[in-house]
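Before any comments, here is the structure.
Only the coordinates and a few stated rules stand behind these numbers; no lab work does. Small disclaimer: the values here were computed from a predicted structure and weren't measured. Here the Cβ is made from the backbone with ideal geometry for all residues, glycine too, and neighbour counts use every protein chain on show.
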Amino acid sequence: MTSEPHRTVAASRDHVAAPADTRAAAEALKNGPRGALLLGGIAVGLLFIGWLAFYFLLFLPRGSIG
């Protein structure tokens, strides 16, 4: 066994990326929110369709309670 403390590879400066240029970062992030909004919209739409299916296929055929 060695007595020196454990160092991860992530702590090495060889594995750290260089700072990004501001223009390059802005260009890379330009279309990011559009994809997230599209994915969120699809998820909410599927959830709403599922809710409608439960409502029309399970709740309405049972009739009113009372």
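Summary table
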| item | result |
| --- | --- |
| With Cα atoms, 0 to 90° folded angle of helix 32-54 axis to the chain main axis | 30 degrees |
| Along principal axes, Cα extents of region 1-48, largest first, whole Å | 59, 33, 8 |
| Ordering of 54-60, 17-23 by packing [mean C-beta count within 10 Å, highest first] | 54-60, 17-23 |
| Approximate spin-label separation LEU58-ALA24, in nm, with each point projected 7 Å along Cα-to-Cβ | 5.2 nm |
